[in-house]
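The values are calculated or read from the model by the stated rules, or taken from the named source; none is laboratory data. In this text, all values refer to a predicted model and were calculated from it rather than measured experimentally. Counting neighbours? That spans all protein chains shown, and the Cβs are built from the backbone with ideal geometry, glycine included.
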Amino acid sequence: MAAMPPMDDELKALQWRAWHRGTREADLMIGGFFDAHREQWGSQERDWFSGLLQEQDVDIMAWAIGAAEPPARFQGPMMQAMQRLDYLKAPK
């Protein structure tokens, strides 16, 4: 397995915010999404994720599982990737 490239300060800040949400479930969903996808992100994707992190965890999780429609500003390929939930590791 190849080592992940080092993160710049912006990505480190996003990582911290993604993994320190307040509940373990939100940490796993939002932090797991960050870990799985951050290597492919350019500035637009980073901006989208930064904006998403401003939202309430219950809203983000509802959008990710399809229980609620995300606002237009969060719709698109990034939300679709989050909604696949294929980045979550299920405990054994």
Test: residue in segment 46-61 that is free of Cβ contacts under 8 Å to residues at least 40 places away in the same chain and in contact with a Lys or Arg (Cβ under 6 Å, 6 or more places away or on another chain): yes
Test: residue in segment 22-34 that is modelled with pLDDT under 95 and farther than 16 Å from Leu88 by Cα: yes
Any hit, segment 23-31, residues being in contact (Cβ under 8 Å) with a residue 40 or more places away in the chain and assigned to a helix (DSSP H, G or I): yes
Subset tally (residues that are among the small types (Gly, Ala, Ser), surrounded by 12 or more Cβ atoms within 10 Å (Cβ to Cβ) and farther than 18 Å from Gly22 by Cα) for segment 43-77: 1
Per-region count, segment 78-89, residues loosely packed, with under 12 Cβ neighbours inside 10 Å and of a type in the set (S, T, N, Q): 1
Residue within segment 7-16 that is of a type in the set (Gly, Ala, Ser) and at pLDDT 95 or above present: yes
Among the candidates Ala64, Ala26, residue that is touching a Leu at 6+ places or on another chain (Cβ under 8 Å) and of a type outside the set (Ser, Thr, Tyr): Ala64
